[in-house]
């Protein structure tokens, strides 16, 4: 048994050493740590890519002192904060080319009294939106919040992710450790990859892998999603009520994706059988329509402005660098559509 304890001591020393190393430098740093959102304040990202020309080959993405994209805080201006997941953050678009900041430029021409910031965060579902709203956005006292959501809720498995609860001292210590949170976030990244929601540039849509799924299976998958939709609406309604309580005008935006039971306007490629994760384009369109309908229901219930982006943005591969995330041209088009919908609502 002596060898067993020697091995245990050896492994313990390695774990302690790894934890110390990760505390000072973690190459897998994530903005979600167990139950807590860590905003990347005063951070910049540089990305080089040569797979497609619909986004920049050299991408510079910077965060301000709040951990958002946009100007530094200005207490003298009315605040508009955009919230959502990766399709709002626009991680692979250079500074100033993400649609919230393009929209901000259009608003400046109409009214210079707005301070606009992009608080979108890659991978966030309504669980994360609620946490972000309570801990970071409400304290800023914005006049408006514009929320695009639904896509990341589609593949949620952790039913109590980000729920508020008082941590015991052991849980607090656990939350401060880097090894557990790193493992959890790597597993979440793997889950997003399986679902096809991570950033996967499509250089040529005509050469993408195909997957056929029968209508009966698609309908079965849609029915399985209905229970999740109930919970999604509860969370989104809670978000709306929190905004109302804090005198914030909430505007909801539907989620627009390229995948659909249609043909690409540019290449004439059928988008319905393109493989995305374990599903195909036709299935994903049906799923996201359910969430967009749920979002519109909550908007109507709370008498909120609803922007039907999914209906207005054409199925055009020039507007996306994959099936979900906007290209430079797509981001410009999204900003124009949303500005057209809101130009008389933002005062």
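Values quoted throughout were computed directly from the atomic coordinates according to the rules given, and no laboratory measurement underlies them. All values derive from a computational prediction rather than experimental measurement. Because the Cβ atoms are built from the backbone with ideal geometry, glycine has one as well, and the counts that use them run over all protein chains shown.
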Taking r as the C-beta separation of residue 43 and residue 230 and R0 as 35 Å, the FRET efficiency to the nearest 0.05 is 0.40
Estimated FRET transfer efficiency (residue 95, residue 2; beta-carbon r; R0 41 Å; 0.05)
0.10
Kindly put 132, 121 in sequence by how many other C-beta atoms sit within 10 Å of each C-beta, fewest to most.
132, 121
Where a ≥ b ≥ c are the square roots of the eigenvalues of the C-alpha gyration tensor, would you call segment 213-347 rounded, which needs a/c under 1.5, or, failing that, prolate if a/b is larger than b/c, or oblate?
oblate
Two-site label geometry, residue 78 and residue 311: point separation in nm, points 7 Å out along Cα→Cβ:
2.6 nm
One finds, for residue 71 and residue 219 with R0 = 41 angstrom and r their Cβ-Cβ distance, a FRET efficiency to the nearest 0.05 of 0.30
Please work out whether segment 202-287 counts as rounded, prolate or oblate from its C-alpha gyration tensor, where a ≥ b ≥ c are the square roots of the eigenvalues and a/c under 1.5 means rounded, while otherwise a/b larger than b/c means prolate and anything else oblate?
oblate
Expressed in µm² per second, the diffusion coefficient of segment 304-347 from the Stokes-Einstein equation, with Rh the Kirkwood radius over alpha carbon pairs, at 10 °C and 1.306 mPa s, is 143 µm²/s
Stretched fully, the stretch from residue 106 through residue 343 gains (0.36 nm per residue minus C-alpha distance, one decimal, in nm) 84.4 nm
Give the Rg (one decimal place) followed by the Dmax (whole number) of segment 75-154, computed from C-alpha coordinates and expressed in Å.
12.6, 39
Just subtract the alpha-carbon distance of residue 210 and residue 53 from 0.36 nm times their residue separation and send over the number in nm, one decimal.
54.2 nm
Specify the inter-centroid distance of segment 36-63 and segment 320-347, based on alpha-carbon positions, in whole Å.
19 Å
Length released on extending from residue 300 to residue 269, taking residue separation times 0.36 nm less the Cα-Cα span:
7.6 nm
By counting other Cβ atoms within 10 Å of each Cβ, how are 112, 283, 88 ranked from fewest to most?
112, 283, 88
By what distance, in whole Å, do the Cα atoms of segment 99-142 stretch along each of the three principal axes, largest value first?
35, 22, 10
Counting other C-beta atoms within 10 Å, which of 89, 336, 108 has the fewest, and how do the rest follow?
108, 336, 89
